[in-house]
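Written below as structure tokens is the structure these notes are about.
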Amino acid sequence: MNAATASSVSSAPSLETWRIIAVAAVIVSVIAYAVLSGVWVSTEAGWYQSLTKPIWQPPPWVFGVIWPYNFIVLAAVGSLIAWRAPPGKVAVLLSFLVVSIALALTWAYLFYVPHALGAAALALTSAAVATIPIVVVAFQQSWVWGTLLMPYQIWVALAASVSWGYVSLAT
């Protein structure tokens with residue numbers, strides 16, 4: 001090993017340091033998701049209240065139950081995966097977590113700000129698809145972790161379906 005190689009090897013973060021960074025990235029991403037999802041979402045707006053709701057849209061109280069569960073489980077399971085899974089699986093988790101969050105936030109913006117219902121539905125459908133690898137990685141690590149994430153996967157898919165319902169009712 002020459003001096004340049006030895007220097008680059010010794011300056012690389014340890015696996016433990018890398019895992020701490022990955023856990024922090026999961027937690028920061030989920031907190032950002034929880035905070036930013038409320039930026040554009042407003043059920044008090046007259047526009048939203050005036051929309052005809054799809055008949056399969058869950059009642060309002062369900063949102064108050066499922067979202068705290070989703071955020072807590074995403075942070076907990078994501079952190080466990082980041083801490084225990086092989087680095088390649090952690091990279092998959094982090095990549096798809098960030099992409100799915102960005103797509104879900106894009107839905108919130110498109111739906112509530114310019115009221116671009118079709119584009120919003122497409123963004124949320126993409127978010128639902130992007131959560132699949134997260135659930136797969138969770139199941140690969142532990143059936144319990146995968147099972148804990150299933151309500152989130154189902155919720156995002158249901159939300160995408162409801163979003164397409166809004167598109168259908170608006171045309």
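The values are calculated or read from the model by the stated rules, or taken from the named source; none is laboratory data. Note that this is a predicted model, so its numbers are computed, not measured. Cβ: placed from backbone, ideal geometry, glycine included. Neighbour counts: every protein chain shown. Ligands, DNA and RNA are excluded from the accessible area calculation, which covers all protein heavy atoms including side chains. Shrake-Rupley method; radii C 1.70, N 1.55, O 1.52, S 1.80 Å.
Kindly list the number of the only condition in (1) at pLDDT 90 or above; (2) open to solvent by 50 Å² or more (accessible area, probe 1.4 Å); (3) of a type in the set (S, T, Y) that fails for S10.
It fails just one condition, (1).
Looking for whichever is in contact (Cβ under 8 Å) with a residue 40 or more places away in the chain, part of a helix (DSSP H, G or I) and open to solvent by 10 Å² or more (accessible area, probe 1.4 Å) here; the options are L97, L105, L149, L93. Which one fits?
Sole residue among the options that is in contact (Cβ under 8 Å) with a residue 40 or more places away in the chain, part of a helix (DSSP H, G or I) and open to solvent by 10 Å² or more (accessible area, probe 1.4 Å): L105.
Given the criteria modelled with pLDDT of 95 or more, closer than 27 Å to W18 by Cβ and surrounded by fewer than 19 Cβ atoms within 10 Å (Cβ to Cβ), does P133 qualify?
Numbers: modelled with pLDDT of 95 or more: yes; closer than 27 Å to W18 by Cβ: yes; surrounded by fewer than 19 Cβ atoms within 10 Å (Cβ to Cβ): yes.
So P133 fits the description; yes.
For I66, work out the one condition from (1) out of contact with any Phe, Trp or Tyr (no Cβ under 6 Å at 6 or more places or on another chain); (2) at pLDDT 95 or above it doesn't fulfil.
Unmet for I66, out of (1) out of contact with any Phe, Trp or Tyr (no Cβ under 6 Å at 6 or more places or on another chain); (2) at pLDDT 95 or above: (1).
If we scan segment 52-61, do we find a residue that is surrounded by 16 or more Cβ atoms within 10 Å (Cβ to Cβ) and farther than 18 Å from L97 by Cβ?
Yes.
Could you list, in sequence order, all residues of segment 130-146 that are more than 15 Å from the chain's Cα centre (by Cα) and part of a helix (DSSP H, G or I)?
Narrowing segment 130-146 to residues more than 15 Å from the chain's Cα centre (by Cα): 139-145.
Listed by number, the residues that qualify are F139, Q140, Q141, W143, V144, W145.
So how many residues does segment 69-85 have that are open to solvent by 50 Å² or more (accessible area, probe 1.4 Å) and either modelled with pLDDT under 95 or aromatic (F, W, Y) (or both)?
Qualifying residue count, segment 69-85: 2.
So, A85, is that one closer than 30 Å to W47 by Cα and not aromatic (F, W, Y) or not?
So A85 does not fit the description; no.
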